[in-house]
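Read-outs: derived from the displayed coordinates by stated rules, not from any lab. Quick caveat: nothing in here was measured; it's all calculated off a predicted structure. Cβ coordinates were reconstructed from backbone atoms using ideal geometry, including for glycine residues, and neighbour counts include every protein chain displayed.
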Amino acid sequence: MYNIGYDIGSSSIKAALVETVSGKSIAVVTEPKVEMEMIALENGWAEQHPDDWWKHVCKATKTLIKANNIDPKMITGIGISYQMHGLVVVDDQGIPLRNSIIWCDSRAVEIGQKAFDALGHEVCAGQLLNSPANFTASKLKWVKDNEPKIYNKIDKFMLPGDYIAYRLGGTICTTKSGLSEGIFWDFKSNSMAYWLLDYYGIDQKLAPDIVDTFSLQGKVSTKGASESGLAAGTPIRYRAGDQPNNALSLNVFNPGEVAATGGTSGVVYAITDSLSVKESSRVNNFA
């Protein structure tokens, strides 16, 4: 039996086949073979279309299954790692209304700074453990302010990994970890920061349902199976951003442990069990 893991990056999509019992890596497929396109309509902007991620997920999955001559029914679980902080918005049919505004796009910096100044350090540091900054919530506010026709058609917002889980299983949901990286999470109340949505004038009903990061998050639908090559009913068991996954892969679990990774971006991160934040404008805190 096997598990399949996806890494939804901004440069490429990777699919890895892992033996369930031993944890042995069987094979990894990367799509596309050249770096994935990043659209910059203005300086400081960066966008990708969510359906391009899905297209490459499907191609990588089919290649992995065929090259290793396995029955898709032998895949017993799916895990999803993804580029953090991106914004995906869909209509009531689940169709993306625009390109995803991805992690390295800086158009919402001023929006986040104004929010921090208005809400105050005590609220942002004490409840969000971050400045709203240029994260997903601020990007959604940018869409509301600058693309009202698109905003008015939004049924749900989500993060990149949420979109892939949706295309696989047909259900729109997110995680506490995902909401925290988007600066939608109130750590003090351990709940959605609806007050931040209210401040930004964002309708609360646009927020997706929440599932646990480690849980049965859904199952591959008939449609998802026909497009991806996976078997219908395959469980989606895990979803989180790339940096939490880096911690997981490096066995960094305990408070005080520190690690660093390098890729398209370089990141130093540490584990803490404290909600006391002194550097919320310089150090980001995610669940």
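Given R0 = 25 Å, the distance between the Cβ atoms of GLU147 and SER106 translates into a calculated FRET efficiency of 0.90.
Expressed as a whole number of Å, what is the distance separating the alpha-carbon centroids of region 45-107 and region 176-193? If you average the Cα positions of each part, the centres end up 23 Å apart.
Here the spin labels are modelled as points 7 Å beyond Cα on the Cα-Cβ line, and at ASN254 and ASN190 they lie 2.4 nm apart.
Amide hydrogen proximity for ILE26: with H placed 1.01 Å from N in the peptide plane, the residues at 5 or more positions away or on another chain lying under 5 Å are LEU17, VAL18, GLU19. When HIS49, HIS85 are arranged by Cβ crowding within 10 Å, least crowded first, meaning fewest neighbours, the order is HIS49, HIS85.
Seen against the Cα atoms of the chain and their longest principal axis, helix 50-67 is set at about 30 degrees. Kirkwood hydrodynamic radius of region 153-248, from the reciprocal of the average inverse Cα-Cα distance over all distinct pairs: 14.3 Å.
I need the peptides 133-142, 167-176, 58-67 ranked by packing, meaning the mean over residues of other C-beta atoms within 10 angstrom, with the highest value on top.
Numbers: 133-142: 24.8, 167-176: 21.2, 58-67: 18.9.
By packing density, highest mean first, the sequence is 133-142, 167-176, 58-67.
Taking only alpha carbon atoms, the chain gives an Rg to Rh ratio of 0.96, where Rh is the Kirkwood radius.
What does the charge count around TRP142 come to, taking other residues whose C-beta lies under 15 Å from its C-beta (Lys +1, Arg +1, Asp -1, Glu -1)? Display every interim value, and only then the final one.
Working: positive: ARG98, ARG107, LYS114, LYS139, LYS141, LYS144, LYS149; negative: GLU42, GLU47, ASP105, GLU110, ASP145, GLU147.
Within the 15 Å Cβ shell, the charges total +1.
Think of it as helices only: each DSSP H run of n ≥ 4 in the chain is worth -39500 (n - 2.57), and spread over all residues that comes to -8000 deg cm²/dmol at 222 nm. Rg and Dmax of region 138-208, both derived from C-alpha coordinates alone, stand at 12.3, 34 Å. Counting only DSSP beta bridges with both residues in the chain, the antiparallel share comes to about 65 percent.
Remark on ILE13: its backbone amide H falls under 5 Å from those of GLU31, a criterion applied only to residues 5 or more positions apart or on other chains, H modelled at 1.01 Å from N.
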